[in-house]
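The values are calculated or read from the model by the stated rules, or taken from the named source; none is laboratory data. These figures come from a predicted structure and were not determined experimentally. Glycine gets a Cβ as well: all are built from the backbone with ideal geometry, and neighbour counts include every protein chain shown. Heavy atoms of the whole protein, side chains included, go into the accessibility calculation; ligands, DNA and RNA do not. Shrake-Rupley method; radii C 1.70, N 1.55, O 1.52, S 1.80 Å.
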Amino acid sequence: MHPFVIHNDALLPIEQCRLSPGQAGVINGWGLFTTARTYRGFPFRLDKHFERLERDARLLEIPLPLTFEQVRERVMRLSEANHLDDACVRIYFLHNKIGIWKSNEAFPTVDLVMYSLETPSRSGPTQLALFEHGRYSAHPLTGTKVTSWLNNAWMVETQAHQRGFDDVLLLNERNEISECTAANIYLVKNGKVSTPPLNAGCLAGVSRLTLMELAEKAGTPVVERAIPRAELDAADEVFITSTTRQVQPVDRIEDLRWKAPGPVTERLAKLFDDYVHEYIANEQRSLAHAK
């Protein structure tokens, strides 16, 4: 992690950022977060990350204390302090005033904590384990990005890393493909791209949204549909998207293997990469014009 963090409105050295066991959301995981990526120090599609934070906050009954403009100002302040280039910024909102396990300290109702680190190196094809009943799509909090992240962290460490895989592809209670622990997944068959719908239990990823918009404009629409586990066997290509990966080909899921990247994956990865460069160039021009 980088040396400076944002705590509410303060830019602090990381060792001075104090959280208390009296903050109920810290102890019981009643909070939400998102991971935004910066390129050349500018956040990519931060507005879409904030829209998801707002949606999740309504469901979790967390009163967000900041507007989008205030969050963006803090991201840019953190970016400047930590000299960000290609990096990831974690944005947390923690509920302090719920339940009985809270102190009488002078906390705001909701705390903002924001920190950054270099983007993990995730180039080339990835390999996935497979886990049944990894998502319960009918749960009311499924699809929210909550700070109680143990389910995903446990899956990655015990079901993937300890077995030599990078991540885990999770099936839902209907034995349908849902998502990975931190990425959305796509199958290609006969040139057509499919991805699970949100009601399969997956997160509404910002990279997922971006890719679907780009693919639609390029004439290669991504179809949202329920995908049974058996369709993996017949797929021509498989790939995933996330903030830290953009578009990443998959060459193995358990004993299934593909030659990756395939032509459709390559084309969509280039579309995504080109859009990132265009988006960040526009951000730089907007800043220069504002000055």
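Laid out as a table, the results:
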read-out: Test for LEU12: is it over 21 Å from the mean Cα position of the chain (by Cα) and in a strand (DSSP E or B); value: yes
read-out: Tabulated pairs, the range 121-141, first at pLDDT 95 or above, second among the aromatic types (Phe, Trp, Tyr), C-beta under 7 angstrom, 6+ apart or interchain; value: GLN127/PHE165; LEU128/PHE165; ALA129/PHE165
read-out: LEU268 being surrounded by 18 or more Cβ atoms within 10 Å (Cβ to Cβ), in contact (Cβ under 8 Å) with a residue 12 or more places away in the chain and assigned to a helix (DSSP H, G or I); value: yes
read-out: Segments classed as strands (runs of 3 or more DSSP E), wholly inside the range 171-235, with at least 1 members that are of a type in the set (Lys, Arg); value: 184-189, 192-195
read-out: Answer residue from the range 141-180, given it is over 22 Å from SER207 (Cβ atoms) and touching a Pro at 6+ places or on another chain (Cβ under 9 Å) and is surrounded by the most Cβ atoms within 10 Å (Cβ to Cβ) among those; value: ARG174
read-out: Number of positions in the range 75-104 that are open to solvent by 20 Å² or more (accessible area, probe 1.4 Å), outside any strand (DSSP E or B), under 21 Å from GLN23 (Cβ atoms) and not small (Gly, Ala, Ser); value: 6
read-out: Residue list for the range 108-129, filter: of a type in the set (Asp, Glu) and either part of a loop (DSSP other than H, G, I, E, B) or under 18 Å from THR243 (Cα atoms) (or both); value: GLU118
read-out: Pick from the range 56-71, criterion touching a residue at least 24 places away in the same chain (Cβ under 8 Å) and assigned to a helix (DSSP H, G or I), ranking: most open to solvent (accessible area, probe 1.4 Å); value: LEU59
read-out: Residue in the range 246-261 that is open to solvent by 70 Å² or more (accessible area, probe 1.4 Å), modelled with pLDDT of 95 or more and part of a helix (DSSP H, G or I) present; value: no
read-out: Residue check for GLY205: crowded, with 22+ Cβ neighbours inside 10 Å and in contact with a strand residue (DSSP E or B) (Cβ under 6 Å, 6 or more places away or on another chain); value: yes
read-out: Count of residues meeting criterion [in contact with a helix residue (DSSP H, G or I) (Cβ under 9 Å, 6 or more places away or on another chain), under 29 Å from ALA87 (Cα atoms) and open to solvent by 30 Å² or more (accessible area, probe 1.4 Å)] in the range 214-242; value: 2
